[in-house]
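S.K.: Below is the structure I would like to discuss, written out as structure tokens.
Values quoted throughout were computed directly from the atomic coordinates according to the rules given, and no laboratory measurement underlies them. For clarity, every value in this text was computed on a predicted model and none was experimentally measured. Cβ: placed from backbone, ideal geometry, glycine included. Neighbour counts: every protein chain shown.
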Amino acid sequence: MHEWRRPEYTDCIERLADQMANVDAFFLLPFKTHRKRFVPAQRVLAKPKYHALQDGERLARTAEGVAVVHVVADDETGEVASIDVLARHGKIPEEFEEQIRAA
């Protein structure tokens, strides 16, 4: 049997394939007051984590609140594997994190 066909190598390759199928997405979700209600505004996509965090700080200067969100999803099916809030700036609804995890 060839070395690359050993069971321990197969497990490693399968785990690597699972990781390759996942896509990281970062976006900024600003919040604003609209007709006396505190609501999310248009989301802004960001490529790497570093830029998402930097842009979140910059956007927080003009928005009432900003959440920097990291989403890991399957590239083929679009199924969300995890959602994390990386940073919060300004005023953010208390139930925000619970709502995005439930969705």
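S.K.: Quick check on packing: order 87-98, 56-67 by the mean number of other C-beta atoms within 10 Å, highest mean leading.
M.R.: Result, highest mean first: 56-67, 87-98.
S.K.: Three principal axis extents, largest first, for the C-alpha atoms of the range 20-102, in Å?
M.R.: 42, 27, 17
S.K.: Name the residue farthest towards the positive end of the dipole of the range 20-102 from the options ALA73, ASN22, ILE100, assuming +1 on Cβ of Lys and Arg, -1 on Cβ of Asp and Glu, about the Cα centre.
M.R.: It is ILE100, whose Cα lies furthest towards the positive end.
S.K.: Also, quick follow-up: In terms of modelled amide H atoms, which long-range or inter-chain residues lie less than 5 Å from the amide H of ASN22?
M.R.: Under 5 Å from the amide H of ASN22: ASP75.
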